[in-house]
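A quick write-up on the structure given underneath.
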Amino acid sequence: MKKTLRFGTALKKIKPTAFSTMVKPIGNKCNLLCNYCYYLDKELQYQTPAKLMSDEVLENYIRQYIESNDVEIVIFCWHGGEPLMAGLEFYKKAISLQAKYGANKRIENNIQTNGTLLTEEWAQFFTENNFLVGVSIDGPKDIHDANRLTRNEEPTFDRVMQGVECLKRAKTEFNTLSAVGAASAGRGLDIYNFFKRLGSHYMQFLPVSECTKIVEGYSRPVICSPNDPEGKLANWSISTKDYGIFLTDIFDEWIKRDVGTYFVQIFDATLAGWCGVRPGVCSMSENCGDGLVIEYNGDVYSCDHFVYPEYKLGNILIDDLKSLYHSAKQFDFATQKFSNLPIKCTKCRWLNLCYGECPKHRFEGEQNSLCGGLQHFFRK
C-alpha cells in the first residue's frame, strides 16, 4: 500500500499541540520478573543498569512537557519497570516541580504499579495528591501467578491484594490493567467477575502477543521488535481465537448488567470507532504518535512498544520535547500505522473500529496476529 496521509494525522500540523508521555523514572528496573514483560530486556539495549532519574532530567522533563502542551489539562503517566522503586521523595519532588511550572494548567497524575510495594504511606500520598493508580493484576490467583513472579520465581498475587487493600482503606482511586495471555484463555468471565468483586470499575485488558528470540548469554528469551526476522511467537501469547472468545464472554455479561457501572477500555474504544469519534486508546486509532516515552536518562522514543534504537527521537537534555514530537521522524511514525496496512485490512468492514490495531502485533509486516479474534468480537 502506498503512503497515505490521513486527515486526522494532517491536522497535527495545524491544531494546538497535545500529546501524552509515559515516563520511566527508573527505566526497566523492577522487583519482579514477569514472563511476558517486554521492558526488562532493555538492559541489553542500554548495556548499563538503569538508575533513578536525576534531578536535572526530572525538572527538564516536567517543565518541557507542561510547556509543550497547548491544552488546559496535562496528564503525567509514571511507569516502569516498577515506578514505586523510585521512592516517595522522588514523587514529592515531582509534585513540587509541577506546581512550579504548572502556570494556569490543570495537572493530573497517573501511576502504573505491580502493586507489591504499596503501603499505607504510599496510598495516603496518592489520595492526598489525587493520583489515579493503575494496578497490574491478571485476574484470580492461578491466572495471575502463572506469569507474574518475583525474581526468585515466587508468586505475587497475595502481595498485590494486600496493596489493593491499602488503596481501598485510603480511598485512593484505582483501576486495573490485565495482560491477557495463554493463561487467560477460556477464563474471560472468571476474570471479569473477579475484578468486579475487587472493586475495579475501569478495566484494561491488554492482549499478550509477542515475538521472542534467543540472545547468547542472556538468561531468558528476549522480546524483540515485530520486524525482527529471528522472532518467534512466545508460548505465553494468547491465540487470536481465544482472544476473541475472551472478549465476547465478558461482553455478554457486561451488556446485560453493567453498562454505565463498569467500564472496559476496548468496549469504550469500539463504541467510539462506531460513532466516528477518536477512541481513548492509541491502538484503536487511525494513527499513532501521540504517546512519547521518556527514559530515566532523558531519552525520548516514539512509543512505549517501540523502545528500540531505530525509534529514538532524541534526549530532552539536548533537544526540545515539543520539537521532537513535531519532528519529521515522529510524523512518519504516526502515518505508518495506516500506510503499512495490508490491502486486506483496508477493505475490511471493521477498519474504522481498529485500523489494524497496534502495529506491534504485525509481525514482519503481516496482518495483525489478533485479527481473527478482533473480528469475532466486532461481529458480536
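Values in this text are rule-based calculations from the coordinates and carry no lab data. The structure presented is a predicted model; accordingly, all values stated were derived computationally and were not measured. All Cβ positions, even for glycine, are placed from backbone atoms using ideal geometry, and neighbour counts span all protein chains on display.
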>> Taking 0.36 nm per residue of sequence separation and subtracting the Cα-Cα distance, how much length would be gained by fully extending the chain between E230 and I214, in nm to one decimal?
In response: 4.9 nm
>> Please list, by residue number, every one of the trypsin sites (Lys or Arg not before Pro) in region 145-192 that is coil in DSSP and has at most 11 other beta-carbon atoms within 10 Å.
In response: R151, K171
> Can you tell which of P25, V133, I66 lies farthest toward the positive end of the dipole of region 1-148, using +1 and -1 charges on the Cβ of basic and acidic side chains (Lys, Arg; Asp, Glu)?
Replying inline: I66
>> Between region 118-151 and region 171-225, what is the separation of their alpha carbon centroids in Å?
In response: 13
>> Is there a quick way to get the dipole size of the chain? I mean about its Cα centre, with the Cβ of Lys and Arg at +1 and of Asp and Glu at -1; what is the value in debye to the nearest 20?
In response: 1180
> What are the lysines whose alpha-carbon lies under 17 Å from the alpha-carbon of K329, with same-chain residues fewer than 8 places away excluded?
Replying inline: K3, K12, K13, K312, K337
>> To make sure I understand the rule: partners must be lysines, Cα under 17 Å from the Cα of K213, and not fewer than 8 residues away in the same chain. Which ones qualify?
In response: K42, K232, K360
>> Among DSSP bridges having both ends in the chain, what percentage is antiparallel? Round to the nearest 5.
In response: 30
> Taking 0.36 nm per residue of separation and subtracting the Cα-Cα distance, what length does fully extending L351 through S20 add?
Replying inline: 116.7 nm
> Which part of region 359-380 falls in the paramagnetic zone of K344, meaning amide N under 14 Å from the point 7 Å along Cα-to-beta-carbon?
Replying inline: 362-376
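Of all GluC sites (Glu not before Pro) in region 197-249, which ones are in loop regions per DSSP and have a Cβ with at most 13 other Cβ atoms within 10 Å?
Working: sites: E210, E216, E230; in loops: E210, E216, E230.
Loop-located and lightly packed - E216, E230.
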>> In the chain, if the dipole is taken from +1 on Lys/Arg beta carbons and -1 on Asp/Glu beta carbons about the Cα centre, which of G373, N235, L149 is farthest to the positive end?
In response: G373
> Counting each DSSP H run of 4 or more residues in the chain as -39500 (n - 2.57), what helix-only mean residue ellipticity at 222 nm follows after dividing by all residues, to the nearest 500 deg cm²/dmol?
Replying inline: -10000 deg cm²/dmol
> In straight Cα distance, which aspartates and glutamates are under 13 Å from K380, not counting same-chain residues fewer than 8 positions off?
Replying inline: D249, D252, E253
